[in-house]
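J.: Take a look at this one; I'll ask things after.
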Amino acid sequence: MPKAAAPDTTPPAPGRATPALRHTAASLRRAAAALRHGPLMASALGRTGLGLAGLALLFAVLGPVVATHQPDTVDLGAKLHAPDGEHWFGTDQFGRDQFARLTAGARRSLLAAFTVLAGSCTVSLVVGVVAGLARGFADAVLMRVVDIVLAIPSLVLALAVVGVLGPGFGNLLLALVISSWAANARIVRAFTLAVRDRPYIAAARLGGAGPARIAVGHVLPAVVPRLLVVATLQLGGTIVSLAGLSFLGLGAQPPTAELGAMLGDARAFVTVAPWLLAAPTTVVLVVTAAATLVGDAVRDATHHSAVEEVHP
Amino acid sequence: MTSRAATAAPGGGPAAPGAVPRALRSARAAGHPIARRLLSVPVTVAGAALLIWALLPLAPGDPARMTLTAQGVPEPTPDQLAATRAELGLDRAPAEQFGHWVVRALHGDLGTSYQSGRPVLTELGERLPATLRLGSAALLFALAIAVPLALVAAAFRRRWPDTLARALALLGAALPGFVVGLILIQLVVVQGGFGSVVLDGTWAAVWMPALCLAFGMFDVWSRLLRGALVDAMDSGWAASVIARGTGSRRLLLRHALPNALPPLIHAVAVSAGALWGGAAILETVFTWPGAGSYVVSSVKARDLPVIQAFAVLATLAYVAASLLADLLAALVDPRLRGDCAKGV
Amino acid sequence: MSGPRAGTAELDVGGLRVTYRNGAAAVRGVDLAVGAGEVLGLVGESGSGKSTVARAVLGLLPRGAAVTGNIRVGGRELVGADPRAWRAVRGDVIGYVGQDPFAAFDPRLKVGASIAEAWRAKGRTPPAGAIPERLAALGVPDADAAARRRPHTWSGGMLQRAAIAAATALAPTLVVADEPTSALDAGLADATLAHLRATGAAVLLITHDLRLAARHTDRVAVMYAGRIVETGDSGEALSRPRHPYTQALLAALPRPGHPLPEPLPGEPPSPRRGADAGCPFAPRCRRVRAECSDDVPAPIDGVACVAAR
C-alpha cells in the first residue's frame, strides 16, 4: 500500500525535540508573517484561496483526530444511514462512517498530490537543468525525448502506465509522475537558459566552478522557486487527475478511503444515499478551488520575477 | 511542437512591438518554421510509438500466458506457451520485435485483444465513432461557453461581469467533469426523470456527457482568451487604433479578438489531446459505448494490446490536432507564417 | 507672449492638471495654445510631463487619472467629455502619431487596411485610391504594393509615414505627435517631420530633441516638473534662452569641436512629491535666489523665472 501517502503522525521524542520544536515554531511564525504581509494576502481571491486551503488542511489533519469512528470499520447494522449526530456525514453501504472516511481520504489525496508533484519536479529538475546547462547534443536529445513524451496525451499515458503496472494507488502515483514530468522539464530548461548566462554565474564559472557546482550551487537556487510557482499552479489539476483515475477504480483499492474512490463507490448508491455524493464533492470542490486560487495568486504575485524572465 | 514554444508567447500576449520581425528573421534563418514543424512530426510519432511499445515488456507477467488465459486456456502447457510466444514474436530480439510491430501497425494491425481475441483495431474502430461524437460536441460546447465569457470579461474588465466570468472559470477548474456528471445524473436523470443513465452513443444523447467534458475544458480557454484580449487592448498599437477614433466594441471584435486567437487555437489543440483521457473517465460515468470506456475496462483487465493501440491512436490524433492548430494559427496571424517579403 | 492670435487656436489648453491614480501629479498647471497650421514643440526631459499632456489631449490617459482645467480642440471642451464625444473627436479632429511606428498598427492587418480603418471606424468608406495616393505623397515607394503588406515587413521610417497617413486620413485640424522620430535615424527624422508639417494641420510635437525642435517648429514650450517654464518662437527661445533651465538644457548639448558638456547636476523632482512651495527648478539652478523658494514663479512674457526678469 502507498508508503508515500501514509500520514506521518509520529510525535517527536519530547526530550530532544525542544530546540527543534522551537526552531519549527520560529520558522512557522516567519512563514505566517510572510503570509500576512506578503502579496498572497493582497488580493481578495488570494485570501479566499488561503482560507479554503487552511480549511482543507485542517480537515485533513485534524479530521481523523475528531472523528468518532475508524474509516474502515464495517458496521452492517448501520448501512446507508443519513447524516445524524452519530454519523455526521452518514454511512455507506457497509455502514462505514463517512466523516472518518472523508478526512482520511482528503489526507490521502492531498499527500498523494504533493508526492506526485514532488516526483515530477525532481525528475524535471534533473532533466531540465542538465539540458539547459549542457546545451548542444545532450540538450537536443533530452528535449527530443521531452517532445516525444509530450506528444502522448498525459491522461492517456497515465492510463497506459497503470494498465501495464496494474491498478493500485502507488502505481497510479508513478503513472502521474511519468505523465507529468516532461512539461515541467521544458519549463525548467527555459528557466535554466534564462539564468545560466547571468553575470554571477558566469563569474562562478570563470572562478573555476565545475558544472555540478554551477548546477547545484547557482542554477538550482534560482530555478527551484520558480518551479515551485509552476507546481502550485498544477496542484489543482493533479488532485483532479488523481480523483478521476481513482474514481475509475485504477487507484486506491477497496477498502482504502480516497476521494476519487469514494465518489466511484457513491455512484451505485446515489439514488438512495445522496450524501455519499454530496460530501466528497464538496471536499473535492474546496480542495481544488483552494489550490487553484492560491496557485493564481502565487503566479500573479511572482509574475514579473518568474514568468517574464523565462522568455526574455 | 518546438515551434509552438517559439510562436506563442506565454500567457498569449503579443510579443513586444518590434520584436516580431526580429524573431521572424531568426526563424527564417533556421528554415521555414512550418516546414520544420512538418518534418518534426514523423520523428515525434515514431518516438512516441517506441515509448508506448516499450511499456509492454515492463509489464509483470507473461504476455503469452495472459493471451492464453484471456482466450480461455487457464493452465496452458509449455508447448502452447511457446507457440503463442512465437506467434506474438516474443522469442525475437527487442529491436526486431519493435520493427515487426511497426510494420504490422502500418498495415493496420495493432495486435489482438487478450480479452476478446479479436483484432484491437476492429474493437476500437467500432467504438471510435461514439467517442468522436462526444469529443467534437464537447469541443463545440466548450468554445460556445469560453469565447463569449472571455469577450464579456474583457469588455467589462474589473467590473461585475468580469468577476462573474472568473467565478465561473474557477468553478470549472475546481469541479472535475466526472463529478459534474454524477451531479447531473442525480439531478436530471434520477430526480428529473429526463434522459437515461445508460446512454446509447448517438447524437441525441450526447449533450449531457459532452457538457460535462466541456466543463473541464472551458475554464482554461476563457481565462487564456481573456488574458490575450486584455493584452491586445492594452498594447501600444491598440492605443493608436483608439486614437484614430475606433470604438471599444470595434477594438474588441475587429482588432483584439483576431490577435488573441492563436493562443486559443493552441489551447484547443492541447485540449484535443486531453480530451482522450477525459473521455475515458466520462464515458465510464455515463456508460457511453465509446473507445474511452472500453479502454478503462481494458486497463482494469490489463488487456495491453488495447491500451497500446488506444495510446497510439490518441497520440496520432493529438499530434495531428496540434499540427492543424499551428497551420490554423498561421492562417489567422500572418506574422507566424514567416512570409517576410523584403520591407519597403 | 508670442502665441496664436486669439480665437484661431486649434488647441487651447488652460490650467491643465493631471494626477495619476498612484498620486503622481505629472502635470501641474499647463497653459498652451496651437494655432491653425502652426507647429508647437513641447520639449523637456523624460518625466517632465510632456507625454502626459499629449495623452490628456488625446483622452488616452490610464484609468483613474484625474484631469482638471480646460482642453479645447476646435472650440470643443474635452475635459470631462464622455467616451462618445471623445470618439467623435479622435481621427476627425485630432490625429495621433506615436513614438514607435511598429506599435501604430494592428499587426495582423495589412497597412492599407489599417489606414482604411480610420474611415471604417466612423462607418465611412475610404475614397477609391486614396490610400496609395496618400502613401505615395508621403514618399512611400511602390505605395500600391506596400499597402498590401503587413507592418512587420515595413521599415520603421516608411511605417512612420504610414502612421502619419493614418493619423491624417480624415484631415484632422490638429495632430498630436509624441516623439514621432525617436525610433528613427536622424536623416529619416527630418523627412518625417517635414511630411508631418506638410499635412497642413496644427501640430503639437512632443520631443526631447532641442535641435529637432529648432528646425521643425514655429514655437516651443519648455516643460520642467509638470509646468511650462518658457515659451517663445523657436528661433528666439532656442538661440537666446532666458530661463535657466532652457539655458542648461542647451548647454548640455554636445557640440563638435568642444569638450563634452557638463551634465545638469541633480535630478528632476519626482512627480509624486507634494505641492511645490517654490520654483521646482531652484535646487538645480545656478542663478537661484532667496525669493525662488517663496512661490512657484508665474510666467511673465513667456518665462517663469524670477531671476530672468
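J.: Quick check on the stretch C:157-174. Is at least one of its residues modelled with pLDDT under 90 and touching a strand residue (DSSP E or B) at 6+ places or on another chain (Cβ under 9 Å)?
T.: Looking for residues that are modelled with pLDDT under 90 and touching a strand residue (DSSP E or B) at 6+ places or on another chain (Cβ under 9 Å), one finds none in the stretch C:157-174, hence no.
J.: Could I ask something else about it? Taking residue B:54 as meeting all but one of (1) of a type outside the set (Val, Ile, Thr); (2) surrounded by 14 or more Cβ atoms within 10 Å (Cβ to Cβ); (3) within 16 Å of residue A:164 (Cα to Cα), write down the number of the exception.
T.: Among (1) of a type outside the set (Val, Ile, Thr); (2) surrounded by 14 or more Cβ atoms within 10 Å (Cβ to Cβ); (3) within 16 Å of residue A:164 (Cα to Cα), residue B:54 violates only (2).
J.: Which of the residues spanning the stretch A:255-285 are within 8 Å of another protein chain (Cβ to nearest Cβ), among the hydrophobic types (A, V, I, L, M, F, W, C) and not in a loop (DSSP other than H, G, I, E, B)?
T.: Within the stretch A:255-285, A:263, A:266, A:277, A:284, A:285 qualify.
J.: I would also like to ask the following. Select from the stretch B:61-89 the residues that are in a loop (DSSP other than H, G, I, E, B) and surrounded by fewer than 18 Cβ atoms within 10 Å (Cβ to Cβ) and list them in ascending order. Talk me through it step by step, then tell me what you get.
T.: Our first condition is that a residue be in a loop (DSSP other than H, G, I, E, B); within the stretch B:61-89, this holds for B:61-62, B:71-77, B:89.
Within the stretch B:61-89, B:61, B:62, B:71, B:72, B:73, B:74, B:75, B:77, B:89 qualify.
J.: Any residue in the stretch A:198-205 that is closer than 29 Å to residue A:46 by Cβ, aromatic (Phe, Trp, Tyr) and over 19 Å from the mean Cα position of the chain (by Cα)?
T.: No, that holds for no residue.
J.: Got at least one residue in the stretch A:142-154 being more than 11 Å from chain B (Cβ to nearest Cβ) and surrounded by fewer than 24 Cβ atoms within 10 Å (Cβ to Cβ)?
T.: Within the stretch A:142-154 (the criterion being more than 11 Å from chain B (Cβ to nearest Cβ) and surrounded by fewer than 24 Cβ atoms within 10 Å (Cβ to Cβ)), the answer is yes, since at least one residue qualifies.
J.: Continuing with the same structure: Can you pull out every residue in the stretch C:59-112 that is under 25 Å from residue C:144 (Cβ atoms) and in a loop (DSSP other than H, G, I, E, B)?
T.: Matches in the stretch C:59-112: C:91, C:104, C:105, C:106, C:107, C:108, C:109, C:110.
J.: Give just the number: which of (1) touching a residue at least 24 places away in the same chain (Cβ under 8 Å); (2) not in a loop (DSSP other than H, G, I, E, B) does residue C:242 not satisfy?
T.: Checking residue C:242 against (1) touching a residue at least 24 places away in the same chain (Cβ under 8 Å); (2) not in a loop (DSSP other than H, G, I, E, B), the one that fails is (2).
J.: Could you tell me which numbered condition residue C:139 fails, if it satisfies all but one of (1) surrounded by fewer than 23 Cβ atoms within 10 Å (Cβ to Cβ); (2) in contact (Cβ under 8 Å) with a residue 24 or more places away in the chain; (3) within 19 Å of residue B:241 (Cβ to Cβ)?
T.: (3)
J.: Of all residues in the stretch A:53-108, count the ones that are closer than 14 Å to residue A:275 by Cα, out of contact with any strand residue (DSSP E or B) (no Cβ under 7 Å at 6 or more places or on another chain) and of a type outside the set (Gly, Ala, Ser).
T.: So the answer is 10.
J.: Residue under question is residue C:128, and the condition is that it be part of a loop (DSSP other than H, G, I, E, B), without any contact (Cβ under 8 Å) to a residue 40 or more places away in the chain, among the hydrophobic types (A, V, I, L, M, F, W, C) and more than 8 Å from chain B (Cβ to nearest Cβ); does it hold?
T.: Details: part of a loop (DSSP other than H, G, I, E, B): yes; without any contact (Cβ under 8 Å) to a residue 40 or more places away in the chain: yes; among the hydrophobic types (A, V, I, L, M, F, W, C): yes; more than 8 Å from chain B (Cβ to nearest Cβ): yes.
Spelling it out, residue C:128 is indeed part of a loop (DSSP other than H, G, I, E, B), without any contact (Cβ under 8 Å) to a residue 40 or more places away in the chain, among the hydrophobic types (A, V, I, L, M, F, W, C) and more than 8 Å from chain B (Cβ to nearest Cβ).
J.: I'm trying to understand the selection: among the residues of the stretch B:287-334, which are modelled with pLDDT of 90 or more, buried (at least 23 other Cβ atoms within 10 Å of the Cβ) and not in a helix (DSSP H, G or I)?
T.: Answer for the stretch B:287-334, where residues must be modelled with pLDDT of 90 or more, buried (at least 23 other Cβ atoms within 10 Å of the Cβ) and not in a helix (DSSP H, G or I): B:288, B:290.
J.: Just one of B:226, B:250, B:254 is crowded, with 21+ Cβ neighbours inside 10 Å and basic (Lys, Arg); which is it?
T.: That would be B:226, the only listed residue that is crowded, with 21+ Cβ neighbours inside 10 Å and basic (Lys, Arg).
J.: Being modelled with pLDDT of 70 or more, among the basic types (Lys, Arg) and in a helix (DSSP H, G or I) is the requirement here; does residue A:22 meet it?
T.: Working: modelled with pLDDT of 70 or more: no; among the basic types (Lys, Arg): yes; in a helix (DSSP H, G or I): yes.
For residue A:22, the condition - modelled with pLDDT of 70 or more, among the basic types (Lys, Arg) and in a helix (DSSP H, G or I) - is not met.
The values are calculated or read from the model by the stated rules, or taken from the named source; none is laboratory data. Please read these numbers as outputs of a predicted model, since none were measured by experiment. As a convention, Cβ positions derive from the backbone with ideal geometry for all residues, glycine included, and neighbour counts pool all protein chains shown.
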